[in-house]
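Right, one structure below, let's go through it.
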Amino acid sequence: MSGELSRLEDVVDKIKHGLLPQWVFASQDVYQLEMERIFSKSWHFLGHESEIPNKGDFVTRWIVNDPVLLLRDMQGEIRAFLNSCTHRGTMLCVEDCGNRQSFTCPYHGWTFNTNGELVGIVAGNKVYGSEMDRREWALRPIPQIQSIHGMIFGCLDPNAPNLEVYLGGLKWYLDIMAGRTDNGLEVRGVPHRWIVNTNWKVSADNFGGDPYHTAMTHHSTVELGISPRDPMFASYGHQVVLENGHGINIITAAPGLKMPPYQGLPKVLWPEFERNLTAEQLKVFSETVVMVGTCFPNLSWVSPMHGTGGPNEPLTNFVNFRVWRPLNPCQIEVWSWFMIDKDAPEDFKEASYRSYIASFGPAGTLEQDDTEIWTRVVDASRGFMAFDKDIQFNNVLNYLMGLDRVQPVNDWPGPGVAYPTCYLDAISRAFYTHWAEMLLEDAIVKAPIRA
């Protein structure tokens, strides 16, 4: 491990100069450091309040290798516990979702209520005696849990800064995506899950800072008439670098191309936008075609203006949040939530869901394009040339786009450092800089930044 740490010390300087060693995608030692120093200290998206609307509702989730039981207790409060019985450690609940007033361990029958309290023991006092204090054997709560716009996050570090500090300027953009309507977003269906043989950083970086890939990777959608033929179509707009490794791309229409405002969302919702967003947020939102980005380390989203592919199908909008759950250095489990404004008309919701399934669902056109490429990155990153530290600069990858050539704008209305194009590696460089600093334990959670 010490050898990997010494190599990581060079990474911070290299990535600031636009170079990333390829071995970071397949190193078991790096992966172990990531578990200890990044994932144990960061905030993680667990789900949405609309998934557990009623008392007793629950879903089971993961923070990497920690199973989580997320529920609404009988008082209506949201709680999150380690999904593990305190008796012998068995996973307490293996259902994806449901409604219960209590949870009984399948191993020895210990029973816990929705407050996490131990309320039942098989044979009770006969085997443990009356002196056993059941309060000491309650379910173990996730150290921190907080919500924003119905999005529930958990953190395993009790000393980590709160969620709002961690998000920093990213909250301003989450307001636009998740807080624009009176009743916010809702999850339709259940999150889709599938396995991809890649490294979590590849997918997080792809969504966070790489609109440049769209013209080539997604050329199949151009041939189908789903995406524009302009190879620069994803370059227009602004790439916004935020603190703590976060970043977002606000993609707009090509000059001269008229697109519906507010990503084509129904006009019946527009008064709600005006009630819930500031004038600055409304201006950004009204001109946006796609919002795509990453909340460090492994929550990404895409909010596109997309059609279902039919010649007479209208453009629709949805919000797709996804978690890249690491399983090992070269494999992830993708969790993908389809979300839509709760106040939108039902026919629009259905059209948006079809659009999501066709594009970013497990078998969607865009999804298949991406995952095929991501697996090839890791396949090419396991060998001697990628790992050999003595091959001077031959094992580094190019993150030079825009470095010292594209300067930030001075009139961006929102938080962050905004650049006047989305074909840029600024977010990627910031993402990997924060990643390396956390591995070296040099990172601090920073205050919000503005352009």
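The values are calculated or read from the model by the stated rules, or taken from the named source; none is laboratory data. Owing to the predicted nature of the structure, the values given are computational and were not obtained by experimental measurement. Positions of Cβ are generated from backbone atoms using ideal geometry, with glycine treated the same way; all protein chains shown enter the neighbour counts.
Assorted remarks:
- Entry remark, the range 12-63: residues being at positive phi and either out of contact with any strand residue (DSSP E or B) (no Cβ under 6 Å at 6 or more places or on another chain) or not small (G, A, S) (or both) number 1 in total.
- Of all residues making up the range 150-188, the number that are small (G, A, S) and under 16 Å from R61 (Cβ atoms): 2
- Criterion: under 34 Å from the mean Cα position of the chain (by Cα), surrounded by 15 or more Cβ atoms within 10 Å (Cβ to Cβ) and either at pLDDT 95 or above or under 26 Å from F296 (Cβ atoms) (or both) - qualifying residue of N113, N162: N113
- N83 vs. criteria buried (at least 21 other Cβ atoms within 10 Å of the Cβ), closer than 18 Å to G154 by Cβ and at pLDDT 95 or above: yes
- Where helices (runs of 4 or more DSSP H) fall wholly inside the range 203-293, the ranges with 1 or more residues that are within 24 Å of G169 (Cβ to Cβ) and modelled with pLDDT of 90 or more are 270-276, 279-286.
- Residues within the range 418-433 that are of a type in the set (G, A, S), touching a helix residue (DSSP H, G or I) at 6+ places or on another chain (Cβ under 9 Å) and not in a helix (DSSP H, G or I), tallied: 0
- Scope the range 424-451; condition under 14 Å from G247 (Cβ atoms), at pLDDT 90 or above and of a type outside the set (A, V, I, L, M, F, W, C); matching residues: D425, S428, R429, Y432, T433, H434
- Restricting attention to the range 340-360, the residues that are under 22 Å from W194 (Cα atoms) and surrounded by fewer than 20 Cβ atoms within 10 Å (Cβ to Cβ) total 3.
- Here D13 passes the criteria (1) modelled with pLDDT of 95 or more; (2) surrounded by fewer than 18 Cβ atoms within 10 Å (Cβ to Cβ) except the one numbered (1).
- Candidates T371, T421, filtered to the one that is surrounded by 15 or more Cβ atoms within 10 Å (Cβ to Cβ), in contact with a Ser or Thr (Cβ under 6 Å, 6 or more places away or on another chain) and β-branched (V, I, T): T421
- Residue check for E223: surrounded by fewer than 18 Cβ atoms within 10 Å (Cβ to Cβ) and out of contact with any helix residue (DSSP H, G or I) (no Cβ under 7 Å at 6 or more places or on another chain): yes
- Only a single criterion out of (1) within 15 Å of the chain's Cα centre (by Cα); (2) not in a helix (DSSP H, G or I) is not satisfied by L174, namely (2).
- Residue identified as in contact with a Pro (Cβ under 9 Å, 6 or more places away or on another chain) and more than 30 Å from D341 (Cα to Cα) among C155, C105, C93: C93
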